[in-house]
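Report on the structure given below.
The values are calculated or read from the model by the stated rules, or taken from the named source; none is laboratory data. Predicted, not measured: the structure shown is a model, and the values here were computed from it. As a convention, Cβ positions derive from the backbone with ideal geometry for all residues, glycine included, and neighbour counts pool all protein chains shown. All accessible areas refer to the heavy atoms of the entire protein, side chains included, with ligands and DNA or RNA removed. Shrake-Rupley method; radii C 1.70, N 1.55, O 1.52, S 1.80 Å.
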Amino acid sequence: MAPPPHELEDEETPLQKLMRHWMNERHAPDILPAQEELLASLLDHIRRQSEAVQLLRGEPSTSEEDHIRIMLVQTEVERVKFIVRSYVRTRLFKIEKFARFIMTNPEIQARITTAERAHASRHANLTDKHFHFSVLQSLPETQSHLDDTPIFMPPMVTQPDESVPVFVHALRECGPINFPDGSSLNMTPGYISLMPFASAKALLNRGDVELV
Amino acid sequence: MSLPPSLRTSATPTELELIASQQLIEIIPLIAMEKTAFISGAYGPLRPPHRAKVPIWMAVNLKLKKKCHIMAPYWLNTEFLQARLNEETTESGFSRLPFRFSEVSKVLLDVAPDDIPDADKLRYILKDLREARQAKSREGLANLDRGEFSLPNFCSMEINEVRPFFIRSMAILQQLYREPGET
């Protein structure tokens, strides 16, 4: 028997999970925890579907029905590939942007994959070297650093800005959420609110809300 | 760059359509198909003239090949939307609509206007709805403050439209505020 509609929505397929993480990543100012297992299982699924298509195509007597089936499976594979690519690229963008900060911050390192860590390290080294050889080496010693923290000025190392507001869509009952100004908020599923990323972070990591 | 500047602040409407197209919809297939395993789940079997539930992207694909008729979702009809529009113009809050109604209605009206009763009238109502809601969100902006801003029944496409402006405004309000003693 088919389950009632609301239960269907509760059960998230791996693809729906990835779509949620994709949009979260796109809207969050910080790098979110990596979803290695989810990504691996979906990539594996893409590979299996593509192999199945190859196999079906090899058969000489394909009916019109089979043609459409193959076409639909391929269409879906392309859709999923697009989402995977966009998700990975979003992370890559943030990793390059915060490369120097990542290298000095163990907390953020724990959130990213080994490959992403290696990329951040290479990227930070390369830009450092480039700046050094092109400009910094010919400047006086006091001006030749890339990590000064002068007073009244933003630090030189780009850091994620957690005060950036994000649109939050509650997936479950959550609350009360306490805000720095003393107010608090209870959210019911479906509730939409604009709040600083710092206030939404814990809820987001628990999967109670999504960013939209 | 790994992410083009145009994609850094917001999602694009086409990306939102892609997400919305994962929702299921009822079709009347015109071809038969065995139950088939897809990445997002198993769909089928398709047995004309029995109805079947498939994702919107699949329905659109089949429709473009004239292999199915699409059944409008429960909210995509003149009665339902006209009632919402009346609410929208008489009451202060946003009326309750499906979160991705804008994306879904656009996709369906583009591909299958012949399957949806009163498609032309629906377009008018949807446009009026959109304008009424836009006016409200602009008025609502006056109440924005630095802490938290609730937008009950605001929809996906609307959020995307106002995102850059709302986010920037709230960031400025945050900057203007200083903790006592922080000066």
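Pairs only if they're at least six apart or on different chains, beta carbon under 7 angstrom, first in the range B:9-36 and closer than 14 Å to residue A:23 by Cβ and more than 9 Å from chain A (Cβ to nearest Cβ), second in a loop (DSSP other than H, G, I, E, B) and open to solvent by 30 Å² or more (accessible area, probe 1.4 Å); list them, first residue then second.
Close Cβ pairs satisfying both conditions: B:20/B:100.
Of all residues in the range A:133-157, count the ones that are more than 14 Å from chain B (Cβ to nearest Cβ) and under 32 Å from the mean Cα position of the chain (by Cα).
Looking only at that region, the number is 10.
Does residue B:70 satisfy the criteria of being over 30 Å from residue A:62 (Cβ atoms) and either in contact (Cβ under 8 Å) with a residue 24 or more places away in the chain or outside the structural domain of residue B:140 (by the TED database) (or both)?
So residue B:70 fails the test.
Check residue A:111 against each of (1) farther than 25 Å from residue A:201 by Cα; (2) more than 12 Å from chain B (Cβ to nearest Cβ); (3) not acidic (Asp, Glu) and name the one condition it does not meet.
With (1) farther than 25 Å from residue A:201 by Cα; (2) more than 12 Å from chain B (Cβ to nearest Cβ); (3) not acidic (Asp, Glu) applied to residue A:111, the lone miss is (1).
Counting only residues that are closer than 16 Å to residue A:22 by Cβ, more than 9 Å from every other protein chain (Cβ to nearest Cβ) and touching a helix residue (DSSP H, G or I) at 6+ places or on another chain (Cβ under 8 Å), how many does the range A:45-104 have?
3
Provide a single number: the residues in the range A:108-160 that are closer than 19 Å to residue A:32 by Cα, among the polar types (S, T, N, Q) and in a loop (DSSP other than H, G, I, E, B).
Going through the range A:108-160 one residue at a time, the tally reaches 3.
Any idea which of A:170, A:202 is on the phi < 0 side of the Ramachandran plot, away from chain B (no Cβ under 11 Å) and at pLDDT 90 or above?
A:202
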